[in-house]
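To keep things clear, I will list the structure first and then write my remarks on it.
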Amino acid sequence: MRHILISGVFVVALIAGAVSSAFAQQKPPVRGIVNVTGQLYRAQNDNHYTVFLATPDGIIMSDPINRDFARWLKAELATRFKVPVRYVLYTHKDWDHASGGVVFADTAEFVGHVNMGDRHVYAT
């Protein structure tokens, strides 16, 4: 019985160490904006990308990825371009493409397939 108890404690300690190590190793996401050509830009959130077109009347952007990234992107766009996002174009309704749209709901019109629904208001 003591052997089982010691084994159980060892397993719990290993799991706790692994979880603690995973949290300690989390890095901030790699984010950035690069100019593709003219007023067309690509924005990066780790291994996810979206594009946007900056016009004098406002920004037209594709999938806003998720809320955390969308908040970062909105601040960057306001600083760099000083015009609001006017349109958010959705390629599809998966959360990792659409859930950030709510961040732009104050200025943007959402464009997507009828099956898109109200994905721009979903939480991440």
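The values are calculated or read from the model by the stated rules, or taken from the named source; none is laboratory data. Quick caveat, the model's predicted, so the values are computed rather than measured. All Cβ positions, even for glycine, are placed from backbone atoms using ideal geometry, and neighbour counts span all protein chains on display.
Things to note:
- Residue within the stretch 44-52 that is among the hydroxyl-bearing types (S, T, Y) and at pLDDT 95 or above present: no
- Of the criteria (1) in contact with a strand residue (DSSP E or B) (Cβ under 8 Å, 6 or more places away or on another chain); (2) under 23 Å from K27 (Cβ atoms); (3) surrounded by fewer than 21 Cβ atoms within 10 Å (Cβ to Cβ), which one P84 fails: (2)
- Within the stretch 99-124, the set of residues being in contact with a Phe, Trp or Tyr (Cβ under 7 Å, 6 or more places away or on another chain), of a type in the set (V, I, T) and modelled with pLDDT under 85 comprises T124 only.
- Summed over the stretch 50-81, residues that are over 17 Å from the mean Cα position of the chain (by Cα) and of a type in the set (F, W, Y) total 1.
- Enumeration of residues in the stretch 71-91 that are modelled with pLDDT of 95 or more and among the aliphatic types (A, V, I, L, M): L73, A75, L77, A78, V83, V85
- Residue in the stretch 45-80 that is nearest to G101 (Cα to Cα), counting only those that are polar (S, T, N, Q) and buried (at least 17 other Cβ atoms within 10 Å of the Cβ): N66
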